[in-house]
């Protein structure tokens, strides 16, 4: 596990490697069903349901990373293999594995090598 800037959340967070992702993935299945069930049981809006509907996934994330301030819906963005390399210029991850340049500073993948 490494800490890196997540573009989608606009924060530096722990990124899960593939082994860690395999451990947490079962807790992330049937997302829509879990959110719908939470809304029906708690009569709340979708934002509240997304933030609270799966405490098991949040607990597993804590066990893997030691990081507590996370919500269920953010975990989906924290798979390290979903991002490209670390930019040598600004230190942020390229947004995708096949990205041609860093959106943080504009450095190209060729310049980053």
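The values are calculated or read from the model by the stated rules, or taken from the named source; none is laboratory data. Worth saying up front: this structure is predicted, and the values here are computed from it rather than measured. When we count neighbours, we look across all protein chains shown, and the Cβ atoms used for this are built from the backbone with ideal geometry, even at glycine.
Here is the figure for region 69-103: residues that are farther than 23 Å from residue 32 by Cα and not in a helix (DSSP H, G or I) total 21. Considering 72, 27, 38, the condition of being surrounded by 17 or more Cβ atoms within 10 Å (Cβ to Cβ) and more than 15 Å from the chain's Cα centre (by Cα) is satisfied by 38 alone. When 24, 39 are checked against the criterion of being over 29 Å from residue 110 (Cα atoms) and touching a residue at least 24 places away in the same chain (Cβ under 8 Å), a single residue qualifies: 24. Among the residues making up region 76-113, those that are within 24 Å of residue 64 (Cα to Cα), out of contact with any strand residue (DSSP E or B) (no Cβ under 8 Å at 6 or more places or on another chain) and touching a residue at least 40 places away in the same chain (Cβ under 8 Å) are 76, 81, 95.
Exactly one condition in (1) modelled with pLDDT under 95; (2) surrounded by 13 or more Cβ atoms within 10 Å (Cβ to Cβ); (3) within 17 Å of residue 8 (Cα to Cα) is not met by residue 78; state its number. It is condition (1) that residue 78 fails. The residue that is nearest to residue 54 (Cα to Cα), among those in region 5-21 that are in contact (Cβ under 8 Å) with a residue 60 or more places away in the chain and crowded, with 17+ Cβ neighbours inside 10 Å, is 21. The set of residues in region 51-61 that are closer than 12 Å to residue 74 by Cα and either surrounded by 19 or more Cβ atoms within 10 Å (Cβ to Cβ) or in contact (Cβ under 8 Å) with a residue 60 or more places away in the chain (or both) comprises 54, 57, 58, 61.
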